[in-house]
Structures are given as C-alpha cells and as structure tokens.
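Novice: Next up is a structure, given as structure tokens.
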Amino acid sequence: MDKMLCMTVFGVLAVASMMQDATAQTVHVVGDAMGWIIPSNGAAAYTNWAAGKTFSVGDTLVFNFMTDRHDVLQVEKTSFDGCNSQNAIGNAIMTGPANMTIDSIGEHYYICTFGMHCLNGQKLAITVSSGTGTPEANPPNPSNPTTPVVRQPEACAPTPSAAGPSNSVPGGRAPPPPPTPSSSTTVLASFVLSLSAIALATLL
C-alpha cells in the first residue's frame, strides 16, 4: 500500500512538473539581429517582424539597444501614433538591453523617445492574443500620472563614440543578451527528472 501511494505521489508530481514546463514562455528579441534601432525602411521593419510572431502573457520582449543612444517606453495608442510620451505606461527604460514581460492581452505599443527616432520608425505595436491575463489587468492609473519623457532632438542615427572601448558590437548595436534555455530543453530535463522519480518510486 505504501509503495502504491509513493508511486502515485511521484506520478502526480511528475505530470504537474511536465505540464508547468510545457507552458514555458517565449523570449522575443525585438527586430531579431537588427535590434532596437532606427530601421532603414521605417516602421515597416518592426511591423513585418511582429507579423510573424505569436505573443502571449508571460512572454518577454528583449529590446537590444545602446545605452544613451536609445530607450524604450510603453505607451497608449494615441502616443504611439503621435510619437510622444504623454500617455506613457510606466517609465522609459534607458539602459540596454531592456527586457519587458508582457502582462496582459490586447494591444501593446512601444516607442523610442530619443529625438525623432519614433517618427523615423523606431516603434513597435504588438497584439497579445493569448494568456491568462485580461486587457484590464494593468490599466494606467489616472491618479498617478507618469511625467512625460522629453528629450532634446539629436541626430537620428547613432554615431560611434570615440571615448574609449565600449561593450557594443560593430554597427552600433548593443550586444545580445545571453542565451536562455529553450522551453524544449526545459521540458526534456523535466521529463527525465520525472522518469527518474517514477523509477525511484518503483524501487522503493
């Protein structure tokens, strides 16, 4: 009887572990190798990039950019369309690369607030169509408005710094974030662990 109870407990834990890892979230590197820059073909670059993706609550967006050359700010649609930060959702992330976790379904909008970067196409709109959140999960708080980010205009394209070594790669892009384990690797490891637990329970 004890052996059967032990096997049942290990089996339930194994199945629960596999189900949890099977729903592992995705890391999306915005713009892939291009990164978060002023694209040469305007906003179409990020529109085309997002068109081939499925975004879910819990996924992470990685914005690869050089600190002090770009930033990323989540905004409402009116600010996205007008390329301004008046309807910001949170604060601008000034240090690249920046990771943003998607916390609700619906439309999400991101811009760069530096100079004319947004007007020149450095903006991203995505649709989050699945997950456990709701569009109202994190609404803007009107009683705590965010101060708009205002920057002095600067040249649209980043220029290399002559002030010593930097951590950027050629082409003025920030280095990519370290690789994260894929969900399939995590599922496989969980499966092997679960089988080991079942085998151990059988031997007891």
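Novice: Can you work out the Karplus-derived ³J(HN,Hα) for every residue in region 110-115? Use 6.51 cos²θ - 1.76 cosθ + 1.60 with θ = phi - 60°, whole Hz, and x for glycine or proline.
Specialist: 9, 9, 9, 8, 6, x
Novice: With each label point set 7 Å from Cα along the Cα-Cβ vector, what nm distance links Asn99 and Thr67?
Specialist: Each label point lies 7 Å from its Cα, and together they span 1.6 nm.
Novice: Next question, about the same structure. So how do 82-95, 57-70 stack up, highest first, on mean other-Cβ count within 10 Å?
Specialist: Values: 82-95: 16.7, 57-70: 20.6.
Packing order, densest peptide first, comes out as 57-70, 82-95.
Every number here is computed from the coordinates shown, using simple stated rules; none is lab data. All values derive from a computational prediction rather than experimental measurement. FYI the Cβ positions are ideal-geometry reconstructions off the backbone, even for glycines, and counts take in every protein chain you see.
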